[in-house]
Amino acid sequence: MAQQTVKIEVKNEVKKFGKVVAVDHVSFKVNEGEILGLLGPSGCGKTTILRSIAGLEEINEGEILLDGQIVTSKEKKIFLPAEKRKLGFVFQSYALWPHMTVRDNLKYCLQNSKYSKAETETRIKDALDLVGLHELEDRYPAQLSGGQQQRVALARNLAYHPKVLLLDEPLSNLDLQVRERVRGELRTLLRRIGITSIFVTHDQEEAFIISDRTILLNHGKIVQEGNPHELYSKPANSFVAEFIGRTNILNASLVEILPGGQTARLKIPDLDSELICQYEGEIPKDISFVTIRYNEIGLSAAKPETTENVLKGEIISREYRGSITDHKVRIGQANIVVTTHKFCSATENPIGTGGIYVRIPPSAIKPLGS
């Protein structure tokens, strides 16, 4: 297998705003053609990292390399200006000129280049064709939908053939329905172009759909990185489990590891129960918590035939969400949430009555260390 070429490398970056450490010793690499997602809550440092790569922020410590060349290093007194890094940057607001047509927005961004008039026209045409907007080149931004404006912002960056495309929450201003459609289009477009990209978002679904690999940040530090399946199925700690998907987190302790090494019996005090857990890989010995996704729990009015991990509870509230319903179920000392589709027979069980059975598949229980 051919060795992948590293396009971007961030080494031990530290960025402070006064006494606040926005980025705390962050290091990662992005390979040629890869789409990397920077995911995390507001204030976790993801946009600051993006802006430092673009040359819009200086850093206090560390280095940033593009194509193996240092472009930022406080220690070595190197700082290549943003305009010389040849990077595309799609802002959250798109930053389109409202008084210019689509075509003029692209032309304006190429006016200081050394391209000939013919090459400028070719680049504009190619970029608009690439995003499917050639027929709308004479419209103004106000005459476009949110999704079309987002594509204009992309085309404007692609017109000068950047080495890397940086996107700072480019879908956050779109309505939910439009955002769900456009994120799929964006993924397809970026894959077709094959351009190395870093995509910043606070939305885990966007990160999973668009990115090849995701880095989850919190308080300026990398908490976990990997592909969507790894982050969802093997969370490193309770923060990752809660941020990636909807989950119940309960205190737990290890009772025994069963023959084979991938099955264990766990004590869950708040459920007044011991449960069997199956784990992909080696089960951690320092188990302090378990995470159980809402949608991986079974709910039934009749007692299941199996007795493994079956608990009796009482529905104390419901939240109807259209295609799904969230049930808050009281078991022992804990209130857990179980998500069902509307055709689940247990959904008709009146609130406050007994006879509800919960089954937790052993594979749905993910143990977490302290």
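Grab the beta carbon distance between Q69 and E119, set R0 = 35 Å, and tell me the FRET efficiency rounded to 0.05. List each step's numbers first, then the result.
Values: r = 26 Å, r/R0 = 0.74.
Efficiency, rounded to the nearest 0.05: 0.85.
Taking only the alpha-carbon positions of region 1-150 and ignoring solvent, what does the Debye formula give for the base-10 log of I(q)/I(0) at q = 0.09 Å⁻¹?
-0.39
Applying the Karplus parametrisation 6.51 cos²θ - 1.76 cosθ + 1.60 with θ = phi - 60° to the phi angles of region 190-201, what ³J(HN,Hα) value in whole Hz is obtained for each residue in order, glycine and proline being reported as x?
Karplus values, whole Hz, x for Gly and Pro: 5, 5, 5, 6, x, 7, 4, 9, 10, 10, 9, 7.
Compute the distance from the alpha-carbon center of region 216-254 to that of region 27-53, in whole Å.
18 Å
Rounded to the nearest percent, how much of the accessible area of the chain (1.4 Å probe, protein heavy atoms only) is carbon and sulfur?
Values: 8710 of 18190 Å².
In the chain, the share of accessible area belonging to carbon and sulfur is 48 percent.
Greater than 32 Å separation of Cα atoms is the criterion. Which listed pairs, K19/K285; K16/K84; K11/K234; K74/K234; K328/K366; K221/K312, meet it? Please list the in-between numbers first.
Working: K19/K285 38 Å; K16/K84 24 Å; K11/K234 26 Å; K74/K234 36 Å; K328/K366 20 Å; K221/K312 41 Å.
Violating the 32 Å Cα-Cα cut-off are K19/K285; K74/K234; K221/K312.
From the Cα gyration tensor of region 8-95, with a ≥ b ≥ c the square roots of its eigenvalues, which class applies: rounded if a/c is under 1.5, or else prolate if a/b is larger than b/c, or else oblate? Please list the in-between numbers first.
Values: a/c = 1.30, a/b = 1.01, b/c = 1.28.
Rounded, since a/c falls under 1.5.
Given all pairs of different Cα atoms, what value in angstroms does the Kirkwood hydrodynamic radius of the chain take? Show your work: numbers first, answer last.
Numbers: mean 1/r = 0.0426 Å⁻¹.
Mean inverse Cα-Cα distance, inverted, gives 23.5 Å.
Pull out the extension gain between K19 and D129, defined as 0.36 nm times the separation in residues minus the alpha carbon to alpha carbon distance; nm, one decimal. Spell out each step's value before the answer.
Values: separation 110, 0.36 × 110 = 39.60 nm, distance 4.73 nm.
So the extension gain works out to 34.9 nm.
From largest to smallest, what semi-axes in whole angstrom does region 101-170 give when each is the square root of 5 times an eigenvalue of its alpha carbon gyration tensor? Show your work: numbers first, answer last.
Working: eigenvalues 69, 45, 20 Å².
Working through the eigenvalues yields semi-axes of 19, 15, 10 Å.
Under a point-charge model restricted to the Cβ atoms of Lys and Arg (+1) and Asp and Glu (-1), what is the dipole moment magnitude of region 181-220 relative to its Cα centre, in debye to the nearest 20? Intermediate results must be reported in sequence, preceding the final value.
Working: 6 positive and 5 negative charges, 40 e Å.
Taking the Cα centre of region 181-220 as origin, the dipole is about 200 debye.
Got a sec? Charge dipole of the chain, +1 on Cβ for Lys and Arg, -1 for Asp and Glu; which of V131, V338, Y357 is way out at the positive end?
V131
Just the Cα atoms of region 1-56: what Rg and Dmax do they give in Å?
12.9, 46
With a 1.4 Å probe and all protein chains left in place, how much accessible area per residue does the chain have, in Å²?
On the way: 18190 Å² over 370 residues.
On a per-residue basis, 49 Å².
Can you give the FRET efficiency to the nearest 0.05 for D272 and D203, using r as the Cβ-Cβ distance and R₀ = 41 Å?
Values: r = 37 Å, r/R0 = 0.90.
Efficiency for this residue pair is about 0.65.
Compute the helix-to-body angle for 117-130: its Cα long axis versus the longest principal axis of the chain, expressed 0 to 90° and rounded to tens.
On a 0 to 90 degree scale, this one is about 20.
Starting from the Kirkwood Rh over alpha-carbon pairs, what translational D in µm² s⁻¹ does region 135-265 have by Stokes-Einstein at 37 °C and 0.692 mPa s?
Values: Rh = 17.5 Å.
Estimated diffusion coefficient is 187 µm²/s.
What does the accessible area of K76 come to, in Å² to the nearest 10, when a probe of 1.4 Å is used?
Its accessible surface works out to 110 Å², give or take rounding.
For region 193-283, which GluC sites (Glu not before Pro) pass both filters: DSSP loop (anything but H, G, I, E, B) and at most 16 other C-beta atoms within 10 Å?
Numbers: sites: E205, E206, E225, E230, E242, E256, E274, E280, E282; in loops: E280, E282.
Here the sparse-neighbourhood loop sites are E280, E282.
Going highest first, how would you order 323-335, 48-60 by mean Cβ packing within 10 Å? Could you put the intermediate results ahead of the total?
Numbers: 323-335: 16.3, 48-60: 19.9.
Final packing ranking: 48-60, 323-335.
The values are calculated or read from the model by the stated rules, or taken from the named source; none is laboratory data. This is a predicted model, so every value here is computed, not measured. Virtual Cβ from ideal backbone geometry, glycine too; neighbours counted across all protein chains shown. Just the protein is used for accessible areas: all its heavy atoms, side chains included, with ligands, DNA and RNA removed. Shrake-Rupley method; radii C 1.70, N 1.55, O 1.52, S 1.80 Å.
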